[in-house]
Each structure stands twice: as C-alpha cells, then as structure tokens.
1. Quick one: how many Å² of A:LYS136 are accessible to a 1.4 Å probe, rounded to 10?
2. Averaged per residue, what accessible area in Å² does segment B:8-126 show with a 1.4 Å probe, protein chains only?
3. What is the interface area between chains A and B, defined as buried accessible area summed over both chains with a 1.4 Å probe, reported in Å² to the nearest 100?
4. With a ≥ b ≥ c taken as the square roots of the eigenvalues of the C-alpha gyration tensor of segment B:8-126, please select rounded if a/c is under 1.5 and otherwise prolate if a/b is larger than b/c or oblate if it is not?
5. Top to bottom by accessible area (1.4 Å), largest first, where do A:ARG73, A:ARG116 land?
6. Could you state how much accessible area A:SER262 has, in square angstrom rounded to the nearest 10, with a 1.4 Å probe and all protein chains kept in place?
7. Which parts of segment A:71-94, residue by residue, lose 10 Å² or more of accessible area when the rest of the protein chains are there, as against the chain isolated (1.4 Å probe)?
8. Computing the accessible area with a 1.4 Å probe over protein heavy atoms, can you report the carbon and sulfur percentage for segment A:16-56?
Amino acid sequence: MPKRKRTSPMAVCTSSAPPWTELPRDLTANILRRLGVVDILENAQKVCTTWRTVCKDPAMWRVIDIRYNGEVRDCSMMCRHAVDLSQGQLIDLHMENFGDSETLLYVCKRSRNLRRLSLACCDDVSGKALTEAVKKLPQLEELHLIIMFGVRSRHLKTIGKSCPMLKSFTFNLTGHRHPHLMGTIDDDLRADVLWEGSEDEYFMEEPLYSKLALAIAKTMPNLCRLQLFANYMKNDGLQALLDGCPRLESLDIRQCFLVDLSGDLGKRCFKQIKNLRLPFDSVDDYRWDAAQKRVVTGCIFASAFISQISA
Amino acid sequence: MVTTDEKGPLTAKKKSVIIRSCDGDEFLVSESAAVLSTSLKKILEEKEDRLIHLSDIDNKTLAMVIAYLSTHADDGLSDDLKRSFDQEFVSGKEFDVLKYLVLATDTLQVTCLCYTVAKKMADIMKNKLVEWVRREFDIQNDYTPEAEAEIRRLDAWAWDDRQLEDD
C-alpha cells in the first residue's frame, strides 16, 4: 500500500473530531433516525440547516412510531406532518394512545407502500374507518390491533378481504384478572353505561365467543403469524383457524381461557404450529395490559360481588 | 468465517494481519476479526499484503475498534456476553470519542458497531432541547431569524412551554 501524506481533514488525526455539520450525511441520518419522530420534529431539525436538510429526506421517514405519553402535544398533527415528510415512502407505522379516524385515513391515503400497521389503544379510531383505511394499503403484510374496542368481527371480514397479502395479524384484548370467570359473567354485570368504542359496548356486541376467530379463519388464509391475546374463542374457533390458515407457523393464544387443549385439538395444535403460546403461558414478555393474577376462589366471588354492587 | 485455503499447511495456523493507524501504531489482529469489517475484508481479498495502513483513523480509536472486532470474532463467547460487551463498550464514553468511533466504523464498515454507537449518540440527544444540543455539540445556529420564525410557525405544535425550561 502506498504511503503518501493525505491533506484531507480526515487524515489529520491529531486534530479534534470534525465538526458535526461535516459528518457524512448518511452517518448523520443514521444517528438522527434513532431519535424517533418526536425528537426529530421538535428538536433535531431545528438545530441547524444541515440537520434540517437531513431530516427532510423522505428516507428518514420510512418508519414512524408515535406514542402519546401524557405530555401536551398534538400527536395526530405530528403524525400527519411526519407522513407528509415521508412522501409515500412510509413502510411501518405504529400509533399508540392517540389518533382518530380522520388521522388514520389521512395517513393511509398517502402511504401506498405501507407494509406494517400497528394501532394500540387508539380509542377514537372506529372499525369502519380502519376498514376504509386498509383499502388504500395494497402492500399491507402486517396488521396489529391492540386493545382496539372499536373493531368488530364484521370489520375483520372486510379487512381480510381487502388485504390479501396479510401474513401477520394481531388482535389483542385486555388481559383477564379472573380466568375462571371468563365467559361466565352475566352481560348486565359488565356495565350499563355504553359509549362508542368502549370496552363494555364491545362485550355487549362481541362476546359471542368464536365469532372473531371465525372471521379471521374465513378471510385471512395466508397468515403465518397470529396473536389473539385474551380472546373469547372456544374450540370451534381454534379449529376453524387451523383449517382456514394452513400456513400458520406462530400462534399466540395466551389468556384464551375458553379453549380446551386437552383433547385432539391440542395435539393438532402442537403438530401444526411451530411456535405456540398457550393460554396459561407466562405473560412476562407481554407489553400490554395482561393483568392475569392467580386468584383463589374466595377472591373471585369477592370481586364479582364488588362489581355487582358497584354496577 | 472460513478462509480460502490455497497455501498448504501453513494456513492451518491462525492467520493474522497488521493494521497501522494514521499515527503509526501497529496492531496485530487475527484475520477472523479483521474480516468482520467489510472494508478490511475487501482489502484482504484484493491483496496479498498483510499490512494495512489506515490513513484516517488514530491509534486510540483503532484500538477500540480492534477490541470490538476481536471480541466478536471469539467463538468461545456467547451472544449474551457479546451483547453485554457492546453495552459496556459504549457506556461512559465522551461524546467526541463516540464521534471518532462512529466515523471509524463508517469508514471500516463495521455495521453492527456503527449501529450501536449511533444508537448511543441518539440516546444522549434524546429529550434535549435545541439550545442544549447546539451548546454541547458545538453547532452553530445558521438559521436566519426569518427562517427560524417560519419553522416555529410550521411546527406550531412542537413549541409548547417546554422551551421555557431551558437553562
């Protein structure tokens, strides 16, 4: 290797590090991208014009992950702005604890390349809006719905039909504190106040056990991964899933306490599914509300009694 | 990593390379460690030369990168140990040191270390106000007052009362 003196500033190794604005652009982008949407929009892009230019590159906005954390911010507006910056290059979107139907429609209309959509606790997003939104996403391969009480089995049917590429699907409800009471509680014990998208309204309409699983089995035949946390399905629902989704490799049915795996269905599950999480498996690695507690019978009755008098 | 075995029995011994920093220090590195850097791998594939001179990486930074490469080339270490080594590796380092490191990993194309360092730098920047970043990173505010006002207007949601907290 020829040993010649270089005169570029990089070769002068005894000087201090090059100024920030002279770092290669890709490298700056690599660092700033890791800050996340909120920090980029609120701070990084305002530091200097070089960083502003880096942050305006649509490639910076292929992944958007916004979580409302209680600070006073208009996350919906921020989300729209980030999507505008992506100029249609967005491939992965996660919205948590914020957002309404209009924002979701706005985002999906501008993101034809979206592959992965994940919505968690977006109480103001209706099932109807979601069905409309996914129609704009021909490339969608992953859809994750976590504690989205506005979405019903009838919506899932339409969603399944609009997304033939869907390979991974999640539909998680809140965990159960009292597994033994699952499916036995009288409807009127749940609550008498109903509002659109509320948990109570959801259960008034959807506790019909395997309805949701049947909708998935019927309309999402290409699924490889499925998570149905704390779902009310019974054995007929699980059976339908195994029949309807032959490519299923990974199945998570933790806290689906109405499923009985002691018989042939259990054997079939173990045979057909490579990666199987069972109803009573640990929820330690589960990020969302998984409030399953081991309770003694006395406590169950006590809590049922308390719910009854408070209702 | 399997090395091409053309030179007979000699290669059965572990091959090594000498890497020289821009200030002349030389480091003896096993080839299995060196090839974890995409750039070094390319150089080794193209030349017989066992001495590689890096004209833009100083000895301190090079020593760190080589420590990283050697650890990751060690088959005896579990992935968990390597992960905790990575965490340890970037923690407590001065910002300027990280900047040299990220530049070196970019030049040498050590992708995983580049990510780790970039992540660490981003973590330091997280939740810091614009003024803090400018001051700590010694970045000149080159916005004109008009341009700054325009940005504030465009990103109205972002300029909440948090900016008053800056010391």
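1. For A:LYS136, the solvent-accessible surface is approximately 80 Å².
2. I get 50 Å² per residue for segment B:8-126.
3. So the buried area, both faces added, is about 4000 Å².
4. Oblate shape, in that a/c is at least 1.5 and b/c is the bigger or equal ratio.
5. Greatest to least solvent exposure: A:ARG116, A:ARG73.
6. About 100 Å², rounded to the nearest 10.
7. A:GLU71, A:VAL72, A:ARG73, A:ASP74, A:MET77, A:MET78, A:HIS81
8. Here it works out to 48 percent.
The values are calculated or read from the model by the stated rules, or taken from the named source; none is laboratory data. Predicted model only: the values in this text are computed from it and were never measured. Cβ sites come from the backbone with ideal geometry, for glycine too, and all protein chains shown count toward neighbours. To get the accessible areas, we keep the full protein, side chains included, count just its heavy atoms, and leave off ligands, DNA and RNA. Shrake-Rupley method; radii C 1.70, N 1.55, O 1.52, S 1.80 Å.
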